[in-house]
Amino acid sequence: MLARDRRLVVMLPSTDITITSVELPAQLQTAPQARLLQAIPYLLEERLAEDVETLHIAIGKRRPASPLPVVIASRERVDAWLKPFSDRQITPTALVPDILCLPHANDPLHPAWSVMLEGSQANVRIGPCAGFNCETEMLADYLALAEPPEGLRLQIYPVEHAELPSLSLPAQTSSSVANGLEYLLRGYNENDSINLLQGPYATTPDYLYWFQPWRMTAMLLAAWLVLGTLTLVVEHLRLKHELRGLENTAETAFRAAFPQVTRIVDLRTQAQQQLTALKRAGGGGGGFLPLLHGSSQVLSRFQTVKVQEIQFRSGVLQLALLADNTEALDGLQQSFAQQPGLQLQVESANATGEGVQIRAAIKGRP
């Protein structure tokens with residue numbers, strides 16, 4: 001059949017459809033379509049004579065600072081409209097109210113409403129997604145109830161020379177329309193209409209419909225998340241490697257300071273235990289910490305002297321030093337002689353290719 005595998009728009013008679021609008025509460029302003037379709041029947045419940053469970057609700061596009069347009073039809077009627085197509089394995093692209101295919105003027109300074117007269121019925125479009133249907137003889141009353149804006153003019157489209165009733169509003173009549181349906185088909189605009197194929201009648205899941213405009217944003221967000229995750233993983237590995245290096249350095253320094261400890265289980269706890277033992281053993285001015293503090297004050301003045309090893313035995317601080325030259329050794333001896341409470345004893349000083357290897361003992365001065 002010609003309709004298969006083609007875009008098929010079905011126009012619905014407005015006599016069986018109600019087009020209205022609803023002010024959304026703050027908590028629903030950004031709600032997804034599925035949630036709105038569940039909530040709106042109960043927001044409109046006071047306006048509806050039928051049980052909301054028997055009605056099908058479809059919504060239009062949300063516009064800033066404007067009520068949400070809503071189309072209401074009975075589920076029974078929607079099923080009847082779709083049955084001839086389902087019997088032939090045809091899926092319509094859209095079911096739209098015929099009123100919303102009438103021309104619509106978007107100029108707020110020169111408002112215009114479109115009126116199509118066909119037989120005894122009048123279809124009136126009063127906004128992007130708003131309009132009504134009534135008996136032609138009741139048109140003047142319905143227009144008054146719709147609260148026309150100041151300066152409104154009517155654009156009349158008579159089908160087969162339908163007669164225009166007496167109206168108090170200025171009107172301009174177009175030439176007679178030979179075929180109302182054909183004329184409406186030419187005026188269909190997807191962006192200014194409401195498709196009733198929503199909710200249980202949606203041809204694609206609602207979340208896919210609403211996701212489509214955000215697909216590129218979602219893809220960019222996913223790429224950003226992947227990149228961010230990879231960055232965090234790389235940073236974690238770098239920090240882990242750096243931490244391991246610090247742990248190795250700390251362990252090397254601990255073994256150099258406390259060579260008598262052959263097995264390390266908990267470096268932090270064992271270091272604390274050794275320092276506590278040194279405090280108890282050293283006492284007074286010959287303790288480990290006073291000797292280390294005083295020595296560091298002297299050594300910090302000599303940029304050409306490097307500390308290679310530190311040991312503490314029996315109240316004596318043993319140092320292995322590397323100096324650039326013998327003048328540095330002379331300077332060390334003079335500085336320690338001037339340092340209160342410290343006594344430097346050079347045990348050996350050997351010149352090598354790297355400099356002067358010095359082994360010295362530092363004691364507390366009596």
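Observations on the model:
- In the range 14-32, the residues that are under 23 Å from Cys101 (Cβ atoms) and in a helix (DSSP H, G or I): Ser14, Thr15, Asp16
- Out of Tyr42, Tyr142, sole residue that is modelled with pLDDT under 90, more than 18 Å from Gly187 (Cβ to Cβ) and open to solvent by 70 Å² or more (accessible area, probe 1.4 Å): Tyr42
- All positions within the range 118-134 that are in contact with a strand residue (DSSP E or B) (Cβ under 6 Å, 6 or more places away or on another chain), closer than 17 Å to Asn179 by Cβ and at pLDDT below 90: Glu118
- A single member of Glu23, Glu45 is touching a residue at least 12 places away in the same chain (Cβ under 8 Å), charged (D, E, K, R) and at negative phi, and it is Glu23.
- Residues satisfying the stated conditions in the range 43-65, i.e. touching a helix residue (DSSP H, G or I) at 6+ places or on another chain (Cβ under 7 Å) and not β-branched (Val, Ile, Thr): Glu45, Leu55, His56
- Options Val298, Val346, Val307: the member that is among the β-branched types (Val, Ile, Thr), free of Cβ contacts under 8 Å to residues at least 60 places away in the same chain and within 17 Å of Ala256 (Cα to Cα): Val307
- So Leu317, is it open to solvent by 20 Å² or more (accessible area, probe 1.4 Å) and either assigned to a strand (DSSP E or B) or not acidic (Asp, Glu) (or both): no
- Scanning the range 246-267 for residues that are under 15 Å from Ile310 (Cβ atoms), open to solvent by 100 Å² or more (accessible area, probe 1.4 Å) and at pLDDT 80 or above yields a total of 0.
- Residue list for the range 161-185, filter: loosely packed, with under 13 Cβ neighbours inside 10 Å and either in a strand (DSSP E or B) or without any contact (Cβ under 8 Å) to a residue 24 or more places away in the chain (or both): His161, Pro170, Gln172, Ser175, Ser176, Ala178, Asn179, Glu182
The values are calculated or read from the model by the stated rules, or taken from the named source; none is laboratory data. Remember, predicted model here, so these are calculated numbers, not experimental data. A quick note on method: Cβ atoms are made from the backbone with ideal geometry, for glycine too, and the neighbour counts reach across all protein chains shown. Side chains are part of the model used for accessible areas, which takes the heavy atoms of the whole protein and leaves out ligands, DNA and RNA. Shrake-Rupley method; radii C 1.70, N 1.55, O 1.52, S 1.80 Å.
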